[in-house]
Amino acid sequence: MAHDEITQNQGPTAESPQAEPRLREAGYHRILVALDFSRASRLALEEGVELARLHGASIVLCTALTGPSLGTKERNRGSEDVVNEDELDRAEARLHAQAKAVGLGPGEYETEVVRKDPGNEIPKLAENLGCDLIIIANRGHSPKRRFFLGSVAESILRNSRTTVLVSKGH
């Protein structure tokens, strides 16, 4: 059997034109780390920073503002809940504090705050920003609590077309 026949039967390689872009350009280029400010998400951030440095990737820190426990909401035009500016400023400040705590300096990261369901919005954000990896923490809720409340990590996994790394946070 000729060498060309063997190569054709092996499927796409990193050098072949039909290879996915990821095979041609190995590694991560833009990483989104979703934070809920728990200990587990802090560990996920540390993993994200390590991967970003290893791959020379840019890093985006993201959090979500949802639910009544996260602050005051104002009515906008009577139909839509909008998080007020103070709430956004506090979330941004917490993201910057987390970045500083893991040794990221100004200009080494970006921040984003999503204002709705993180299980749906974080995957959309990652795709819109061109991220090729999402890192999230799984706090390990009990099966009963996960049944009633759902799991943001599970929802992100279900809704994402981007690769997702789930940090166990132990």
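Work out the FRET efficiency for Arg139 and Glu110 from their Cβ-Cβ distance, taking R0 = 22 Å, and round it to the nearest 0.05. Let's see the in-between values first.
Numbers: r = 25 Å, r/R0 = 1.12.
Taking R0 as 22 Å, the efficiency between Arg139 and Glu110 is 0.35.
How much length is gained if the chain between Arg158 and Leu43 is pulled fully straight, taking 0.36 nm per residue apart and subtracting their Cα-Cα distance, in nm to one decimal? Walk me through the intermediate numbers first.
Values: separation 115, 0.36 × 115 = 41.40 nm, distance 2.23 nm.
Difference between extended and current length: 39.2 nm.
Could you give the nm distance between label points at Ala93 and Asp36, where each point is 7 Å from its Cα heading toward the beta carbon?
Result for the modelled spin labels: 2.3 nm.
Throughout, read-outs are computed from the coordinates displayed, never taken from laboratory work. Every value quoted in this text rests on a predicted model; they were computed, and no experiment measured them. Every residue, glycine as well, gets a Cβ built from its backbone with ideal geometry; the counts of neighbours run over all protein chains shown.
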